1. Rank by packing, highest mean first: peptides 519-525, 673-679, 317-323, with packing defined as the count of other Cβ atoms within 10 Å averaged across residues.
2. Could you list Thr501, Thr371 so that the one with the fewest beta carbons within 10 Å of its beta carbon is first and the one with the most is last?
3. What area, in nm² and to one decimal, does the C-alpha convex hull of segment 471-618 cast on average over all directions?
4. Using alpha carbons only, how many degrees (0 to 90, rounded to 10) separate the axis of helix 661-676 from the longest principal axis of the chain?
5. Which angle between 0 and 90 degrees, to the nearest 10, do you get for helix 86-100 versus the longest principal axis of the chain when only C-alpha atoms count?
6. Return Val486, Val74, Val493, Val315 ranked ascending by Cβ neighbour count within 10 Å, so the fewest neighbours appear first.
7. Take the alpha carbon atoms of segment 584-629, find their center, do the same for segment 220-263, and report the distance between the two centers in whole angstrom.
8. Can you work out the Karplus-derived ³J(HN,Hα) for every residue in segment 298-305? Use 6.51 cos²θ - 1.76 cosθ + 1.60 with θ = phi - 60°, whole Hz, and x for glycine or proline.
Amino acid sequence: MTGPLYAIGRWCSRHHWPVIGVWILLAIVLVAVSAAAGSKTSENLTLPGTGSTQATELLEENLPEQAYGSNPLVLEGPAGTKLSEPKYAKAVEETVKNLEALPDVNSAMSPLAKGSQTLSQKHPNIGYIPVVLGIGPGEIAEDQSQAILDTAKPFEAAGGNASIGSYVGSQLSKPSTEKSELIGLIAAVIILLFAFGTATAMMLPILGALVGLVCTLSIIKLLEHVLEVPGVAATLATMIGLGVGIDYALFIVTRHKLQLKEGMDLRESIARATATAGGAVVFAGFTVVIALCSLAVAGIPLVTTLGVTAAVAVVVAVCAASTLLPAMLGALGPHINSLRFHIGKTHPDDKEPHGWRSWAERIVRMPWRATIFSLIILGILALPIFQLQLGQNDISALPKETTSRQAYDGLNAGFGPGVNGPLLIASKFTSPEEAQKVLPTLQKAIGGAEDVAAVTEPTLSEDKKVAVFTVISKSEPWADETVTLVENLRDEVVPGALEGTKAQSYVGGQTAGYIDLANQIAAKLPLMILVVVGLSFLVLLMAFRSILVPIKAAAMNLISVAASYGVVTAVFQLGWGSSLIGLDHSIPIVSFVPLLMFAILFGLSMDYEVFLMTQIKEHYVEYGDERRAVVEGLANTGRVITSAAGIMVCVFASFVLSGDPVVKEFGVGLAVAIAIDSTIVRCLLVPAVMELMGKWAWWMPSWLDRLVPHISIEGEEYFEKRDAALAAAAAPATGSAASD
């Protein structure tokens with residue numbers, strides 16, 4: 001890898017303008033193509049083998065117009081009015097006609113129709129139109145969703161308010177992230193100014209990350225037409241793309257500036273920085289991609305897609321750091337040190353800032369104290385993890401200006417919380433006679449179950465062998481009582497009602513789908529952890545030729561992730577300090593957040609592990625003194641690691657400002673985890689443990705050493721051989737010249 005990266009870095013620095021032009025052209029083309037294709041995110045919860053998916057599949061085959069449930073178009077008149085008043089009644093009927101005229105609408109019943117149960121008795125100014133579509137959450141596009149909501153313009157013109165929920169509302173309720181991105185970039189600019197000491201060097205990582213991010217988001221937008229990409233995928237990719245894009249460039253630019261200070265030729269420095277620090281970037285990015293792609297092991301389409309889209313962001317960031325950055329360095333040339341800016345006695349280009357050396361020496365003098373102190377702090381932070389419960393997205397935590405939140409509030413006020421998460425009961429019978437006999441029994445049994453507020457009349461297929469009806473809970477969709485209800489229906493009520501028959505019945509709907517998702521993730525999480533840890537162990541084993549270093553890395557990363565889980569549980573589920581991040585109540589931990597967090601954090605933690613341990617191993621090989629190696633390694637990398645982590649923490653933390661509670665959970669979890677990992681773990685616990693292990697840290701059985709392939713992260717051997725060959729080639733010429 002070192003040779004090709006060296007050649008790439010040198011070529012890109014020499015042909016800098018063509019390379020920069022190609023990247024800009026690529027970004028423009030991707031933006032244009034993705035804009036023409038349009039946005040088509042999907043909140044589909046396809047989970048093979050689960051009750052919710054079996055219900056959907058049964059309805060898709062026999063009652064396709066009922067397969068995806070309904071989307072409530074909530075109509076709310078001013079307080080004290082009634083929807084039955086002529087002014088509003090006319091607007092309601094116009095809205096229904098507009099809906100029926102849309103090609104994707106299968107049915108839309110007016111709340112004022114005879115026999116309708118969608119007009120609130122408690123608040124007669126509130127009603128809703130159950131809009132049944134022929135397309136599901138995996139097919140509907142944003143413009144189609146907007147067209148459905150726009151049908152209520154006559155009602156809004158009459159003075160009312162219209163909003164829509166379910167998967168149509170989700171398409172239209174994506175809080176913007178521009179403010180978060182801007183704040184994250186401003187924080188990155190400030191940190192880079194202190195890290196590099198020059199405004200010109202500061203601009204390079206920012207520009208590279210922005211170009212990479214534009215390409216990433218465009219690629220994800222195109223993938224929406226091939227895969228079922230959830231709405232949160234683009235935001236998650238933005239967080240990761242900005243963070244790693246700036247971080248990876250920071251490592252390479254730092255190496256380049258140090259080499260220039262030591263007198264290395266400009267082009268040679270760019271090529272070497274791309275091959276050495278760039279090699280570590282490629283290796284670190286590879287570990288992140290492995291961790292993210294390992295999510296496919298869970299066998300959950302939603303989670304797999306989120307892993308793939310996040311991996312796209314990392315791959316693009318690595319490509320930009322390996323090609324675009326060397327080109328920009330070549331274009332900037334010697335002006336990289338222009339517009340100097342630094343505060344304090346330690347110069348930004350100092351290889352070993354005195355503070356980090358003294359810190360490292362203090363740790364190796366008292367490794368046991370440092371280890372015990374670190375573990376106590378991490379243990380305290382991880383304690384709330386024992387109360388962690390996986391749940392689903394809380395719509396009531398969305399900003400009040402989003403249509404999903406408005407629909408939720410309207411339905412909750414007029415009909416109770418259970419209307420926001422209806423359950424679909426899909427049943428299949430052997431004959432119409434069996435359906436006629438069993439359906440009333442099934443409805444009565446479900447209607448009498450605990451926490452059931454209402455059961456609707458069934459809809460039958462043409463052959464009268466398949467039926468579907470809706471169950472309304474008394475509790476919120478994400479409440480424990482609703483989870484208990486679904487489990488009770490599946491385990492007790494439905495089997496009891498169907499006993500002695502050949503009928504089959506499944507509990508489906510989006511709420512049941514999220515419950516199935518939480519159960520599947522809880523079951524698959526141990527396997528995914530094992531796979532990610534195992535693959536990371538093998539990669540580090542090849543890189544560092546050690547048994548204990550990969551084991552230590554895996555253990556440290558697991559401790560770091562556990563601490564971040566604890567903080568997320570405390571803030572969101574237990575509500576400790578939730579008001580500080582814009583929430584007015586505690587909310588559930590969305591089931592896929594811990595799974596994604598684990599993959600992302602394990603990969604990103606490996607980045608810092610690689611950069612630190614590479615330096616420690618290099619100095620151990622050079623000096624043969626394990627204590628000195630730890631001190632030198634931390635002294636050389638402490639400032640760079642904390643600067644890089646500081647940027648990532650600021651980027652992640654800025655997304656707490658997003659109105660999406662899922663994004664808030666990712667923002668807090670990732671920011672806290674990186675802060676913990678780069679300070680307590682990487683700059684305190686790891687050096688202390690390395691000192692305690694001593695020479696054993698680098699032990700590896702000879703038989704295993706022969707079996708494991710040799711790889712070099714920063715290519716020291718490559719440059720040693722290359723420099724020796726150049727010296728040998730120059731020696732005869734020098735010798736002959738001397739003899740003459």
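1. Working: 519-525: 17.4, 673-679: 25.9, 317-323: 24.0.
Packing proxy ranking, top to bottom: 673-679, 317-323, 519-525.
2. Working: Thr501 15, Thr371 19.
Arranged by neighbour count, lowest to highest, Thr501, Thr371 become Thr501, Thr371.
3. Details: hull surface 51.7 nm².
If I average the Cα hull's projected area over directions, I get 12.9 nm².
4. Helix 661-676 sits roughly 20 degrees off the main axis of the chain.
5. 60
6. Details: Val486 24, Val74 29, Val493 21, Val315 17.
Sorted ascending by nearby Cβ count, the order is Val315, Val493, Val486, Val74.
7. What the calculation gives is 17 Å, centre to centre.
8. Once rounded to whole Hz, the list reads 5, x, 10, x, 4, 5, 4, 5.
Readers should treat all values here as calculations from the given coordinates under stated rules, not as data from a laboratory. These numbers come from a predicted model, not from an experiment. Cβ coordinates were reconstructed from backbone atoms using ideal geometry, including for glycine residues, and neighbour counts include every protein chain displayed.
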